[in-house]
1. Would you call Thr40 in contact with an Asp or Glu (Cβ under 9 Å, 6 or more places away or on another chain), in a loop (DSSP other than H, G, I, E, B), of a type in the set (Val, Ile, Thr) and at pLDDT below 95?
2. Consider Gly69 carefully, then state whether it is of a type outside the set (S, T, N, Q), exposed (fewer than 13 other Cβ atoms within 10 Å of the Cβ), modelled with pLDDT under 95 and farther than 10 Å from Thr100 by Cβ.
3. Within the stretch 84-98, how many residues turn out to be among the hydrophobic types (A, V, I, L, M, F, W, C) and either surrounded by fewer than 15 Cβ atoms within 10 Å (Cβ to Cβ) or not assigned by TED's automatic domain parsing to the domain that holds Phe45 (or both)?
4. Name every residue in the stretch 55-112 that is over 19 Å from the mean Cα position of the chain (by Cα), under 10 Å from Phe45 (Cβ atoms) and assigned to a loop (DSSP other than H, G, I, E, B), in order of residue number.
5. Mind listing whichever residues of the stretch 61-108 are among the β-branched types (Val, Ile, Thr) and under 25 Å from Lys39 (Cα atoms)?
Amino acid sequence: MKPNKIVATAFVLLSSFASPVLPHVFGSVNVPVNAMYAKTKLIKFTIKNDSDMPMELSSGDDLIKLEAGKSIPVSLPIGTPVVSKTANQYHQVGDVIVVTSNVLSGAIVHIK
């Protein structure tokens, strides 16, 4: 017999014995179904405008208008960036002011 035929025959025999054993070797893969239906955690914090002019910020599709010296409570999902929509001496249009994280829970973010 040629060596190729011997190797091919051995491979076929071994794979036929191994196929029923493989699921028991690797175990089952558990995929949590509740992960697909999990609610997005919202972080509640306050944004305060410490400048002397009104500002507009955006968070996702929402527009936040802040009067000078005023504060506003916000509740945003984790990872949502708050972006400047008006330019002043400290921020340009499109600057990311803050990205929502667990650290911001209950905090006051002062923007100048």
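The values are calculated or read from the model by the stated rules, or taken from the named source; none is laboratory data. The shown structure was predicted, so the numbers you read here are calculated from the model rather than taken from an experiment. Methodologically, a virtual Cβ is constructed for each residue, glycine included, from the backbone with ideal geometry; neighbour enumeration extends over all protein chains shown.
1. No, not satisfied.
2. Taking the combined requirement at face value, the residue satisfies it.
3. Looking only at that region, the number is 3.
4. Gly106, Ala107
5. Hits for the stretch 61-108 are Ile64, Ile72, Val74, Ile78, Thr80, Val82, Val83, Val98, Val99, Thr100, Val103, Ile108.
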